[in-house]
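Here's the structure we're looking at; comments come further down.
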Amino acid sequence: MPKHYITFRDLSKDEYYHLFERTRELKRERRAHSYFRPHLGGRAVALLFSKNSTRTRMSFECAVNELGGHAIVLNLGDSQWARGEPLSHTARVMSRYVAGVVIRHDKEAELTEVAKWSSVPVVNSLTDERHPCQVLGDLFTVTENLGGQPLEKQLFCWIGDGVNMANTWLEAAAVLGFPLNLAIPEGYGPDPDVLRDARGDNPQIKLCATPQEAAKGAFVVTTDVFASMGFEGEREKRLKDFKGFQVDSALMALAAPKAIFLHCLPAHPGEEVTEEVIESPASVVFDEAENRLHAQKALLEYLIPAL
Ligand code: CP
Ligand code: NVA
């Protein structure tokens, strides 16, 4: 059975600490211009998309190439998947061609179905429910800023929509054990099962009444757009419902003295976060975007065995 990466819970705490170390080495090597690794030995990895992407598309294609493989990028709308081919067929066919499959698609249940039939690893590169590759890179970024302090002692806070990113932060808190405060507008809560299970594993997960309460003393302050992909039609309503949930300098001032600001990007400066915060020294959003590449190299290397 191949090892898949559909949810953050698919790897253990030990495996994450291994990946953080490997990511650090791969980042160092790339900066020293000695990054070509023959790990994939010319094998292909499929990158399938039914939603827009800049970072994921580019970072995975670089990652595959730098691991000595080549990427087949396919818009799902152009594939037979979109015309209703049984996913049990698609998955078995892809497994005959490629060493791994990375999928960005709204319906996570379809990824799970592909994974069930695939004999090569399947990686979730964003669904409406989760975005584990993002949180993997984000956590590595946090480790770069810890100054020797233990990750699981840092207070994280999530401000805003209880969307794929919030669900994944909940799962990360469950696996890694760090305290997590969430401030989410009424009616936009995370997946109730994800929340219940995460709280079952980590009693330090707290739903806060206000962003101010959530941010108080936090080392990591993070948010996401008010209207994610697929929810653009609700934008006007959400702008009203999310009033007061903007990350601004006053909110950052409540966080820990050396707090960092994370955002998966793309951002809408002036909506969920001010231009001032995103451009401030506390903001590590561009390191975070870069780290997707290094972390995904470590992930692919781990999931896809060497020849
Ligand atoms: N953060 C992220 O996944 O960005 P893209 O949508 O550009 O891939
Ligand atoms: N929550 C956002 C994340 C984008 C990377 C979305 O799903 O659009």
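Scan (1) away from ligand 1 (no atom under 16 Å from the Cβ); (2) touching a helix residue (DSSP H, G or I) at 6+ places or on another chain (Cβ under 8 Å) for the single condition P203 breaks and write down its number.
The failed condition is (2).
Kindly establish whether V93 is surrounded by fewer than 17 Cβ atoms within 10 Å (Cβ to Cβ), in a helix (DSSP H, G or I), of a type in the set (A, V, I, L, M, F, W, C) and modelled with pLDDT of 95 or more. Please lay out each step first, then the result.
Working: surrounded by fewer than 17 Cβ atoms within 10 Å (Cβ to Cβ): yes; in a helix (DSSP H, G or I): yes; of a type in the set (A, V, I, L, M, F, W, C): yes; modelled with pLDDT of 95 or more: yes.
Against the criterion (surrounded by fewer than 17 Cβ atoms within 10 Å (Cβ to Cβ), in a helix (DSSP H, G or I), of a type in the set (A, V, I, L, M, F, W, C) and modelled with pLDDT of 95 or more), V93 qualifies.
Quick one: which residue in L126, L111, L139 is in contact (Cβ under 8 Å) with a residue 12 or more places away in the chain, within 14 Å of ligand 2 (Cβ to nearest atom) and open to solvent by less than 20 Å² (accessible area, probe 1.4 Å)?
Values: L111 fails: within 14 Å of ligand 2 (Cβ to nearest atom); L139 fails: within 14 Å of ligand 2 (Cβ to nearest atom).
So the residue among L126, L111, L139 that is in contact (Cβ under 8 Å) with a residue 12 or more places away in the chain, within 14 Å of ligand 2 (Cβ to nearest atom) and open to solvent by less than 20 Å² (accessible area, probe 1.4 Å) is L126.
So, in region 248-307, exactly how many residues are over 30 Å from F36 (Cβ atoms), of a type in the set (V, I, T), surrounded by fewer than 21 Cβ atoms within 10 Å (Cβ to Cβ) and within 16 Å of ligand 1 (Cβ to nearest atom)?
Result for region 248-307: 1.
Scan region 48-82 residue by residue and report those that are assigned to a loop (DSSP other than H, G, I, E, B) and of a type in the set (S, T, N, Q).
Residues of region 48-82 that are assigned to a loop (DSSP other than H, G, I, E, B), as a first pass: 50-54, 67-69, 79.
Answer for region 48-82, where residues must be assigned to a loop (DSSP other than H, G, I, E, B) and of a type in the set (S, T, N, Q): S50, N52, S53, T54, S79.
Specify which of the listed residues (F20, F60) is within 30 Å of A198 (Cβ to Cβ), within 16 Å of ligand 1 (Cβ to nearest atom) and surrounded by 15 or more Cβ atoms within 10 Å (Cβ to Cβ).
Numbers: F20 fails: within 16 Å of ligand 1 (Cβ to nearest atom).
Selected residue: F60, the only one of F20, F60 that is within 30 Å of A198 (Cβ to Cβ), within 16 Å of ligand 1 (Cβ to nearest atom) and surrounded by 15 or more Cβ atoms within 10 Å (Cβ to Cβ).
Would you confirm, using the coordinates I've provided, whether V73 is buried (at least 18 other Cβ atoms within 10 Å of the Cβ), of a type in the set (A, V, I, L, M) and farther than 21 Å from F8 by Cβ?
Values: buried (at least 18 other Cβ atoms within 10 Å of the Cβ): no; of a type in the set (A, V, I, L, M): yes; farther than 21 Å from F8 by Cβ: yes.
Spelling it out, it is not the case that V73 is buried (at least 18 other Cβ atoms within 10 Å of the Cβ), of a type in the set (A, V, I, L, M) and farther than 21 Å from F8 by Cβ.
Cβ-Cβ distance below 6 Å, separation of 6 or more or different chains: which pairs start in region 34-60 with a residue that is free of Cβ contacts under 8 Å to residues at least 40 places away in the same chain and end on one that is more than 13 Å from ligand 2 (Cβ to nearest atom) and open to solvent by less than 40 Å² (accessible area, probe 1.4 Å)?
Cβ pairs passing all conditions: Y35/E66; P38/G68.
The values are calculated or read from the model by the stated rules, or taken from the named source; none is laboratory data. This is a predicted model, so every value here is computed, not measured. Note: ideal-geometry Cβ built from the backbone for every residue, glycine included; neighbour counts use all protein chains shown. These accessible areas exclude ligands, DNA and RNA; they are computed on the full protein's heavy atoms, side chains included. Shrake-Rupley method; radii C 1.70, N 1.55, O 1.52, S 1.80 Å.
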